Each structure stands twice: as C-alpha cells, then as structure tokens.
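Here is the structure we will look at, set down as structure tokens.
The values are calculated or read from the model by the stated rules, or taken from the named source; none is laboratory data. Treat the numbers as computed from the prediction; the structure is a model and nothing was measured. Here the Cβ positions follow ideal geometry from the backbone for every residue, glycine too, while neighbour counts run over all protein chains shown. Just the protein is used for accessible areas: all its heavy atoms, side chains included, with ligands, DNA and RNA removed. Shrake-Rupley method; radii C 1.70, N 1.55, O 1.52, S 1.80 Å.
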Amino acid sequence: MVALRPDIPLLAPSILSADFAKLSDALAMLEASGAEVVHVDVMDGRFVPNITMGMPVVAAMRKITNLPLDCHLMIVEPSRYALEFVEAGASWVSVHQEADPHLHRTLDSIRKAGAKAGVALNPGTPVETLIDLFGCFDFVLLMSVNPGFGGQSFIPRILDKARRLDALRTERKSPFLLQVDGGVSLKNAADLVRAGADCLVAGNAVFKAPDPVAAVHGLQAAIRTARTK
Ligand code: DX5
Ligand code: ZN
C-alpha cells in the first residue's frame, strides 16, 4: 500500500496538456524533472464534453515510464472500466462520485486489484458527502474547475472545500491523501497546500510553460515550502 499522506506534497503533471504525438518525450521529460506522479485524464464525451484517451494509451505509457500513472476517470459507469485501467498499468484510479451510485463496491474492487482508489468530486459537490465512505478510499480528488478541459481558471472557493475536508479527516482520523486538480499554478499552489492538499495536478502550468522542467521545479519548491510552514 502506498503511503496515504506523503511527507512532501506531490506534483502530478497532467499528460492531457502534452503533445499527444510526442507522449514518450513528455514522459521522459517528467521523469527527468523529478515529478512524482503522472496524471492521466480519461474523458468519454458523456460525463464531460470532451473525449481524450483510454486503456490502450495507458498501457503504452506503462511500457515506457516507471512513474506511477494516476488515471482520473471522467466517464459514466466508471465501475465498468476501472479494473481495466488497473490492468493497463494505472497505480491510482479515481472515479467521480457523481458518476457512480455504488462507490463502496467500485473502490473496493480497485483496491483489491492493487491500485490506490480515489473519489473525485466536481466543484459543486460538497465534501461532506464523503463521510460515509471514509476508510474506503485512499485519496480524494477535488476538482477546482468543472472537468472536461485543461487550461481553465481555478475556482477559489475550492480552498475552503480543501480546508473543510482536511478538518474532517483530522477529526475522524482518516489519513487519506487530498489531491486538487484544475487551474493549479504558482498563484495558488502554496495556498492549496496550506489548505491541506497533498498532491497537486498541473497541466498547462507545466506543459505550456516555456521551460516545463523549470515549471515542475518551481511548483515543487512552492508546495514543499508551503508544507513546512
Ligand atoms: C480537467 C482535468 C485536469 C486538467 C488540468 O478536466 O481533470 O486534470 O487536465 O489541467 P490544467 O492544470 O491546465 O487546468
Ligand atoms: Zn484530472
């Protein structure tokens, strides 16, 4: 089992913002940069208004990188496909609470398959809805944009949501990892960590930067400094 709360906050660049014709270059860059996790945005054109990539792409990436692949399933009926993503090589799999009426079962099956199981919440879904699932997941992904596209603007009230979830896990002694995804940049990364985030996803802030390796290092420095305060 992966440590639920890492000593240092993790950076998970989102491969969605990379050049899909050069995924191997993007993965080599991320490995060289020291990024801890690769975030993989899976969209089906139904749960969200965009279609991206599926299991074959995850399997292809698995062959060429040692980094953990974190598959964020923005799809309807995620229980139909979650295990196929684990088989393809995902180390982390998150499913949206809004898309799955049987989360205990789905999360349990992801864990039994050997991956870290996560629940993702859209910006409008309150964190309090997770209380009856505490203990059944390894991480929570708080969306800080409405999912579907990279490069959107961060919704600031997610900071309050992160603080509320952080307080809940402390109060209930439930040591899951808190991930935030969407519009993350140097402008908000430190505040997110101070609000309780343990893992930040960053797409455009890494891949659209003039120097993506420097962008990884800049974000890592910001979040590591924030954790020590
Ligand atoms: C949005 C995705 C995010 C997105 C992040 O639906 O879940 O992971 O790729 O990209 P940025 O950091 O550019 O918002
Ligand atoms: Zn994502």
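The table below gives the values:
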{"quantity": "Ile131 being buried (at least 24 other Cβ atoms within 10 Å of the Cβ), more than 26 Å from Lys22 (Cα to Cα) and either over 16 Å from the mean Cα position of the chain (by Cα) or among the β-branched types (Val, Ile, Thr) (or both)", "calculated": "no"}
{"quantity": "Extreme residue, surrounded by the most Cβ atoms within 10 Å (Cβ to Cβ), among residues of region 16-47 that are within 16 Å of the chain's Cα centre (by Cα) and over 21 Å from Leu219 (Cβ atoms)", "calculated": "Val42"}
{"quantity": "Failed item, numbered, when Ala167 is tested on (1) among the aliphatic types (A, V, I, L, M); (2) open to solvent by 50 Å² or more (accessible area, probe 1.4 Å); (3) in a loop (DSSP other than H, G, I, E, B)", "calculated": "(3)"}
{"quantity": "Count of region 203-229 residues which are open to solvent by 10 Å² or more (accessible area, probe 1.4 Å), away from ligand 2 (no atom under 16 Å from the Cβ) and outside any loop (DSSP other than H, G, I, E, B)", "calculated": "13"}
{"quantity": "Residue within region 20-32 that is in contact (Cβ under 8 Å) with a residue 12 or more places away in the chain and not in a helix (DSSP H, G or I) present", "calculated": "no"}
{"quantity": "Region 74-128, subset of a type in the set (Ser, Thr, Tyr) and farther than 19 Å from Asn50 by Cα, residue least open to solvent (accessible area, probe 1.4 Å)", "calculated": "Thr106"}
{"quantity": "Residue pairs meeting the criteria (Cβ under 7 Å; at least 6 apart or on separate chains; first modelled with pLDDT under 95, in region 111-135; second assigned to a loop (DSSP other than H, G, I, E, B))", "calculated": "none"}
{"quantity": "Matching residues, region 185-201, being open to solvent by 10 Å² or more (accessible area, probe 1.4 Å) and closer than 17 Å to His39 by Cα", "calculated": "Ser185"}
{"quantity": "Within region 184-205, tally of residues that are touching a residue at least 40 places away in the same chain (Cβ under 8 Å) and either within 8 Å of ligand 1 (Cβ to nearest atom) or of a type in the set (Ser, Thr, Tyr) (or both)", "calculated": "5"}
{"quantity": "Scope region 181-211; condition of a type in the set (Val, Ile, Thr) and touching an Asp or Glu at 6+ places or on another chain (Cβ under 9 Å); matching residues", "calculated": "Val201"}
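Each row is one residue, and each column tells you yes or no for (1) modelled with pLDDT under 95; (2) among the hydrophobic types (A, V, I, L, M, F, W, C); (3) within 26 Å of Ala21 (Cβ to Cβ).
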| residue | (1), (2), (3) |
| --- | --- |
| Gly54 | no, no, yes |
| Leu69 | no, yes, yes |
| Phe85 | no, yes, yes |
| Glu98 | no, no, no |
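Residues are listed down the side, and each one gets a yes or a no for (1) touching a helix residue (DSSP H, G or I) at 6+ places or on another chain (Cβ under 9 Å); (2) at pLDDT below 95; (3) over 23 Å from Leu30 (Cα atoms); (4) more than 16 Å from ligand 2 (Cβ to nearest atom):
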| position | (1), (2), (3), (4) |
| --- | --- |
| Leu165 | yes, no, yes, yes |
| Leu168 | yes, no, yes, yes |
| Ser174 | yes, yes, yes, yes |
| Val184 | yes, no, no, no |
| Leu192 | yes, no, no, no |
| Ala195 | yes, no, yes, yes |
| Val201 | no, no, no, no |
